[in-house]
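Only one structure is covered here, and it is reproduced in the block below.
The values are calculated or read from the model by the stated rules, or taken from the named source; none is laboratory data. Keep in mind that what you see is a predicted model, and the values were worked out from it rather than measured. Cβ sites come from the backbone with ideal geometry, for glycine too, and all protein chains shown count toward neighbours. Only protein heavy atoms, including side chains, enter the accessible area calculation; ligands, DNA and RNA are left aside. Shrake-Rupley method; radii C 1.70, N 1.55, O 1.52, S 1.80 Å.
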Amino acid sequence: MGDVQFHRDTLIYFSDGNIALSSSVDRLQSTVFRVHSEFLSQHSSYLREKFSLLRQQGGDYSYEDIPLLR
């Protein structure tokens with residue numbers, strides 16, 4: 001993914017999470033949150049739709065062998 005450096009969030013990073021979300025600090029740094037898509041899908045129709053599309057079509061990015069939503 002280019003020269004972007006990814007850093008794990010110290011609080012919201014579950015080793016058994018099945019989706020990674022990233023938040024850009026700047027153009028060269030991004031914080032990664034590894035979470036459970038099922039939990040977020042229950043509370044957000046937007047994320048439910050995004051995760052559904054990832055399952056159906058696959059994603060362009062991954063982080064530690066799981067889909068990464070940037």
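Below is a table of values for the structure above.
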{"read-out": "Residue count for the stretch 1-47, restricted to those that are without any contact (Cβ under 8 Å) to a residue 40 or more places away in the chain, part of a strand (DSSP E or B) and not small (G, A, S)", "value": "16"}
{"read-out": "Scope the stretch 15-33; condition farther than 22 Å from L53 by Cβ and not polar (S, T, N, Q); matching residues", "value": "D16, V25, D26, R27, L28"}
{"read-out": "In the stretch 12-22, the residues that are surrounded by fewer than 11 Cβ atoms within 10 Å (Cβ to Cβ) and out of contact with any Lys or Arg (no Cβ under 8 Å at 6 or more places or on another chain)", "value": "D16"}
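This table checks each residue for (1) under 10 Å from the mean Cα position of the chain (by Cα); (2) at pLDDT below 95; (3) open to solvent by 100 Å² or more (accessible area, probe 1.4 Å).
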| residue | (1), (2), (3) |
| --- | --- |
| S24 | no, yes, no |
| L28 | no, yes, yes |
| H36 | yes, no, no |
| S45 | no, no, no |
| K50 | no, yes, no |
| R55 | no, yes, yes |
| Y63 | yes, yes, no |
| I66 | yes, yes, no |
